[in-house]
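The values are calculated or read from the model by the stated rules, or taken from the named source; none is laboratory data. Note that the coordinates shown come from a computational prediction; the quantities given were computed from them, not determined experimentally. When we count neighbours, we look across all protein chains shown, and the Cβ atoms used for this are built from the backbone with ideal geometry, even at glycine. Surface accessibility is based on the protein's heavy atoms, side chains included, excluding ligands, DNA and RNA. Shrake-Rupley method; radii C 1.70, N 1.55, O 1.52, S 1.80 Å.
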Amino acid sequence: MSEHSLKRQLKVLTVPVFIEMALVMLLGAVDTVMLSRYSDNSVAAVGLDNQLMSLVFLVYQFFSMGAAILCAQYIGAGLRKRLVQVVGMALVVNLMLSLAVSAYLFLYAEQLLQLMGLRQELMADGLVYLRITGALSFFQALSLTFSASLRSADKVVYPMVVTGVVNILNIFGNYALIFGHWGCPQLGVEGAAIATAASRAIAMLLLGAIHFKKHIPSFPLRYFRPIPWHELRNLLYIGIPAMSENISYCLSQVVITYFINQISNEALAARTYCHNMIMFVYLFCLSITQGGDILVGHLVGQRRHQAAYILGNYFFRWSMIITLTGSALLALCGRSVLSILTDNQDIIAMSVWVLVIDWFLEIGRTSNIFAGSTLRATGDVIYPFVVGVIFQWTIAVGLSYVIGIPLGYGLVGMWVGFALDENIRGVILLRRWRSGKWRNRGFA
């Protein structure tokens, strides 16, 4: 495949992934926007809950991330049987893991929220939202696996369509159940949780049906007798470092949210509003990296390492240009957008400064997303994990705490610490990518 055709295929993959990820982010943002018309306290409670649910979903991505990398390389190498084996193993293990986690979230929701330092006046809203979305979170685990498998085979349109349908259902469900329209009871936060959990269940059913119809129609038992332990080992080799890095990041965010919660309810609400706005800034970087990493995996499976390197540099340049442009626009228009979401001037003032600082943060985050994800796609999974854990806890947690609380700069000061963390890690991971030490680490 020529360089021109690779770039064309990258565009074909990126657009559906971009739309799908925008809709996934919208699914969480819809709850925040609709609840903002209900109360700022409900936004703060659900924002902290979603920090915990993000951590849970990263645990679920443990095997689906590994499956996606292996599938892409096996497709590039033409290893159909190993492709079926790795997807089958990922589905079974993810189901068992997610059922156990879902049960734990339902039974110990209150203890978890107390551990995270949720204020007592927010506890009722936080508890009902976490119990409902947590107990049914196993649907998301299977959805992630089905979606990763479909994407690795270039079937990126199907997850996009499913996510679009689910978002529409979630919007209507929120409208009916939060505010009590169309004869439904007015349930507030509980209604948002029910609508979100039901939407995720429907997404899993649709993705599963498409996966069996369009990608892998069956999982023959002879492929799993004896159990293909080598594929499980490969999943663990990729999944444990990838999951551990992401869990470390998410745990660091939970600790950071705990610190922000100590500042004020307004700081916690501002962090939630900013987070939901900023997600859409780095959306293109996430989507083009996911699309590009599918092709990088195929090329590594074919042992075309120089082509993988050229392609990676190409989509990294575009990621940086578009992300920084979007971040600048958000900083300029942030006050207007925030005025629609809340009339609390303290929240707006904090958030405006956060959005300005975030432009500098996005330089590092774009480098991190590209280099960390693409190194994993080539099979170089240990290095991003080690770098991530070290700097997430020393800079993102440690330094941001010192700046924000003892030094008294609050949420804005903490965002400066986040920016330093992202940029230092970005420089280190980019050097690893450019060194070429990731070559010859493929699994096919």
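Whole-Hz ³J(HN,Hα) for each residue in the stretch 371-379, computed from phi via Karplus 6.51 cos²θ - 1.76 cosθ + 1.60 with θ = phi - 60°, x for glycine and proline: what do you get?
5, x, 5, 6, 4, 5, 5, 7, x
Report the calculated FRET efficiency for Glu121 and Gln186 (r = Cβ-Cβ distance, R0 = 22 Å), to the nearest 0.05.
0.60
Where the Cα atoms of the chain are projected onto their three principal axes, how long is each span, largest first, in whole Å?
57, 47, 35
Could you state the principal axis extents of the C-alpha atoms in the stretch 246-288, from the largest down, to the nearest angstrom?
Sorted largest first, the three principal extents are 37, 23, 7 Å.
To the nearest 0.05, what FRET efficiency results for Asp346 and Tyr104 with a Förster distance of 30 Å applied to their C-beta separation?
Calculated transfer efficiency: 0.25.
In a shell of Cβ-Cβ distance under 15 Å around Trp393, excluding Trp393 itself, what net charge do Lys and Arg (+1) and Asp and Glu (-1) give?
Every neighbour counted, the sum reads -2.
For the stretch 118-211, what is one quarter of the convex hull surface built on the Cα atoms, given in nm²?
Answer in nm², one decimal: 6.7.
Report the semi-axes of the equivalent ellipsoid for the stretch 302-405 in whole Å, largest first, where each axis is √(5λ) for an eigenvalue λ of the Cα gyration tensor.
Those come to 33, 20, 9 Å.
Rounded to the nearest percent, how much of the accessible area of the chain (1.4 Å probe, protein heavy atoms only) is carbon and sulfur?
Looking at the chain in its full context, I get 67 percent from C and S.
Report the chymotrypsin sites (Phe, Trp or Tyr not before Pro) located in the stretch 257-301 that are in a DSSP loop and have at most 15 other Cβ atoms inside 10 Å of their Cβ, or state none.
Those that pass, being in a loop and sparsely packed, are Phe280.
Relative contact order of the chain, please, whole-number percent, based on alpha carbon pairs below 8 angstrom and at least 6 residues apart.
Answer for the chain is 22 percent.
Sorted by mean Cβ packing within 10 Å, highest first, what order do the peptides 42-53, 415-426 take?
42-53, 415-426
Fully extended, how many nm does the chain gain between Ile168 and Arg225 (0.36 nm per residue separation, minus their Cα-Cα distance)?
Between Ile168 and Arg225, full extension yields 16.3 nm more.
Where does the chain land at 222 nm, in deg cm²/dmol rounded to the nearest 500, when only DSSP H runs of n ≥ 4 count, each adding -39500 (n - 2.57), divided by all residues?
Calculated from helices alone, the mean residue ellipticity at 222 nm is -29000 deg cm²/dmol.
Considering only protein heavy atoms, what per residue accessible area in square angstrom results for the chain with a 1.4 angstrom probe?
Accessible surface, normalised per residue, equals 40 Å².
Mind ordering 368-375, 80-87, 306-313 by average Cβ neighbours within 10 Å, highest first?
Listed from highest to lowest mean packing, they are 368-375, 80-87, 306-313.
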